Structure formats: C-alpha cells, structure tokens
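The values are calculated or read from the model by the stated rules, or taken from the named source; none is laboratory data. Just so we're clear, the structure is a prediction, and the values are computed from it rather than from any experiment. Cβ placement follows ideal geometry from the backbone for every residue including glycine, while neighbour counts extend to all protein chains displayed.
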Amino acid sequence: MVEKTPPAPHKYEVSLSTGPFREPGMDVLSYDFFVNRKGWLMPRVMRVFVDVKAELEHFKHKILGVSGGSPGQQLKLTQMLSRKIADQKILIALEEGRIETASEVLVKEFTGNDAYLFPMLEAWMGEVKEQVRREIHEQVKL
C-alpha cells in the first residue's frame with residue numbers, strides 16, 4: 001500500500017507594509033504586512049499586534065534583561081524588539097494556516113483567546129536571546 005505524503009507547506013513572501021502604530025485605547029503596537037504566495041493574484045494583508053506589557057516588556061526585561069538608556073535608545077530598542085516579535089508572530093500565524101481562510105487577518109496579542117500560542121513565542125525569545133543581545137549592543141549601544 002502506498003502512503004500519501006502530506007502536502008508541502010506553502011512558501012510565503014512576507015513584506016512589511018507599515019508600522020509600528022500605537023493602537024488607540026490599547027497598550028499595543030501594530031504592524032501591517034503583505035503576504036503573498038504563488039497562485040494568489042494579490043497579496044493578502046495581516047495586521048499584527050504586539051502587546052507592550054505581556055510580550056514586549058517580557059522579552060525586554062525577563063528574557064533579555066535589558067534596562068536603562070536614554071529616551072532615544074529606549075525608543076530604538078522598542079522599535080527593534082517589537083518588530084522582531086511581530087515578525088515571529090506572523091510566522092506562527094502562517095504555520096497555523098490563518099492566511100489561507102481570509103484575505104485580511106488580524107493577529108492579536110498572544111493573550112486571551114490566543115494565549116496557547118504564547119509558549120511558542122516565548123520559546124523563540126529564548127532561542128534568539130544571545131543574538132538579539134548582540135544586535136542591541138551594536139545598534140542601540142546598550
């Protein structure tokens with residue numbers, strides 16, 4: 001009997017459209033991405049929210065142990081880390097296949113309904129910790 005192999009995962013092209021934005025009335029930053037793959041006529045849009053307290057601060061303080069710096073350094077650090085988190089969250093959402101069911105996808109904070117995804121994000125944070133610390137030292141001078 002011949003076993004069927006599962007279909008190969010789709011290869012997506014992801015590009016940043018705009019961001020970060022401060023969402024009104026929420027403690028989140030958001031980024032808009034275009035996602036495309038072979039066979040689609042038009043790219044699809046994903047808006048990714050990064051929760052400042054639950055995701056960004058967790059990465060910055062608990063995982064990386066980074067603090068201090070001038071207001072300019074803190075701004076640059078926030079932009080750098082929130083973008084890295086947004087990039088990883090989009091990969092997690094793509095692995096789930098969310099983009100296949102809609103032309104516009106909102107990836108909310110990994111709290112509440114999506115809390116089951118936070119351990120994947122946290123594991124990634126631990127994996128890239130040393131690399132990100134080097135980037136912070138080189139780019140932000142902290």
(message) Kindly evaluate Met120 against the criterion of being assigned to a helix (DSSP H, G or I) and surrounded by fewer than 19 Cβ atoms within 10 Å (Cβ to Cβ).
(response) yes
(message) Just checking, does segment 34-46 include any residue being among the aromatic types (Phe, Trp, Tyr) and touching a helix residue (DSSP H, G or I) at 6+ places or on another chain (Cβ under 9 Å)?
(response) no
(message) Just to verify a result, which residue in segment 93-118, among those that are closer than 17 Å to Gly39 by Cα and aliphatic (A, V, I, L, M), is nearest to the chain's Cα centre (by Cα)?
(response) Leu94
(request) Can you tell me which residue among Lys38, Lys60 is of a type in the set (Lys, Arg) and under 22 Å from Leu117 (Cα atoms)? (result) Lys60
(message) So in segment 1-35, with the set limited to residues that are charged (D, E, K, R) and modelled with pLDDT of 90 or more, which one is nearest to the chain's Cα centre (by Cα)?
(response) Asp32
(message) Here is a check on your reading of the model: is Ser103 of a type outside the set (A, V, I, L, M, F, W, C), free of Cβ contacts under 8 Å to residues at least 24 places away in the same chain and over 24 Å from Pro24 (Cβ atoms)?
(response) no
(request) Would you mind finding the one in Val35, Val52, Val48, Val66 that is within 24 Å of Ser17 (Cα to Cα) and in contact (Cβ under 8 Å) with a residue 60 or more places away in the chain? (result) Val35
